[in-house]
Structure formats: structure tokens, C-alpha cells
1. Go over the candidates 53, 71 one by one and state the one that is in a helix (DSSP H, G or I) and either without any contact (Cβ under 8 Å) to a residue 24 or more places away in the chain or of a type in the set (Gly, Ala, Ser) (or both).
2. Please go through the range 36-50 and give me each residue that is assigned to a helix (DSSP H, G or I) and loosely packed, with under 12 Cβ neighbours inside 10 Å, ordered by number.
3. Consider residue 63 carefully, then state whether it is of a type outside the set (Val, Ile, Thr), surrounded by 12 or more Cβ atoms within 10 Å (Cβ to Cβ) and within 17 Å of residue 92 (Cβ to Cβ).
4. If you check residue 12 against the conditions, is it surrounded by 14 or more Cβ atoms within 10 Å (Cβ to Cβ), part of a helix (DSSP H, G or I) and not hydroxyl-bearing (Ser, Thr, Tyr)?
5. Of all residues in the range 18-32, how many are within 18 Å of residue 86 (Cβ to Cβ) and part of a helix (DSSP H, G or I)?
Amino acid sequence: MTSSSAESQRLRDLALLRRVRDRIDREHAQPLNVEALARGVNMSAGHLSREFRRAYGESPYSYLMTRRVERAMALLRRGDMSVTEVCFAVGCSSLGTFSTRFTELVGVPPSVYRTEASRGTAGIPSCVAKQVTRPIRNREASSTGRT
């Protein structure tokens, strides 16, 4: 492969990866898995996972779960849904997996977050609350100084 054809292939792959990321953002509440995402862009699941991680710093599954947790945080801040209802509303099928992942990303279990968030973001516009309460992974926390 020549340098220019390798570069054009890399750009095509990046466009496909953006399509996958956009699909995750759009359909995060739908049942999605790496195999289905890979089929949608005619890649193998392994190749998609490797290239997605190289481009975005995390696996497609991890990115999907982060999007789901972000949406769950917004629903929990509203306070009108139970943790179980939120779990299923964001596309998770296991309350245990949802709670574990939520706790990893946010630092507190969803039930605790629901109680604390309703007090902590009272009076703040939802667009600002979303930005200041966005989950930060442990590897990002050390580089940004947030805990």
C-alpha cells in the first residue's frame, strides 16, 4: 500500500468510526452491541473495537455505557423516576451492571446520586447542570484535576 492509499484508507476508517459514534449517541437507549455496530459499517467486531479505541481512547462498549450513564444522570436529577425505571429507560437490561457502571463513572451509586443531585443542582439550568455533572473516568480525572 502506498502512503497516499494508506492515508485515504485511514480517513475512510475514521469516517466509519464517526458513524458508529454518532449511532451510539443517537441510539444509546436501544439494544446495541459491538457486533451490530460493526455490521453497520462492514467491519469485524475486533477491528472496530481496536480502531475505535485508537481514535477515541475507549472501546465502543465503554463509550456506549458512558452515554447511558450521562442520560441516566439527567433522568435521576429530574427525580420523577426510580433507579430501576431509569436503568431500563437508558437501554440497560441489568440493574446490577447499570449500578456498577454508574458507580464507577460517577463515584456514587445511582440511588445516592438521585438524592444528592436534586439538592445540588436546584435552580441551575439543565444545560449547565449536564455539563458540570458529566461523568469523568478515573484516567481523565488525574489529567484534569477533577475528582
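1. On the way: 71 fails: either without any contact (Cβ under 8 Å) to a residue 24 or more places away in the chain or of a type in the set (Gly, Ala, Ser) (or both).
Unique residue meeting the criteria: 53.
2. Filtering the range 36-50 down to residues assigned to a helix (DSSP H, G or I) leaves 36-40, 45-50.
Scanning the range 36-50 gives a single hit, 46.
3. Yes, satisfied.
4. no
5. Count: 1.
Throughout, read-outs are computed from the coordinates displayed, never taken from laboratory work. None of these values were measured; they are calculated from a predicted model. In this analysis, Cβ positions are derived from the backbone assuming ideal geometry, glycine residues included, and neighbour counts consider all displayed protein chains.
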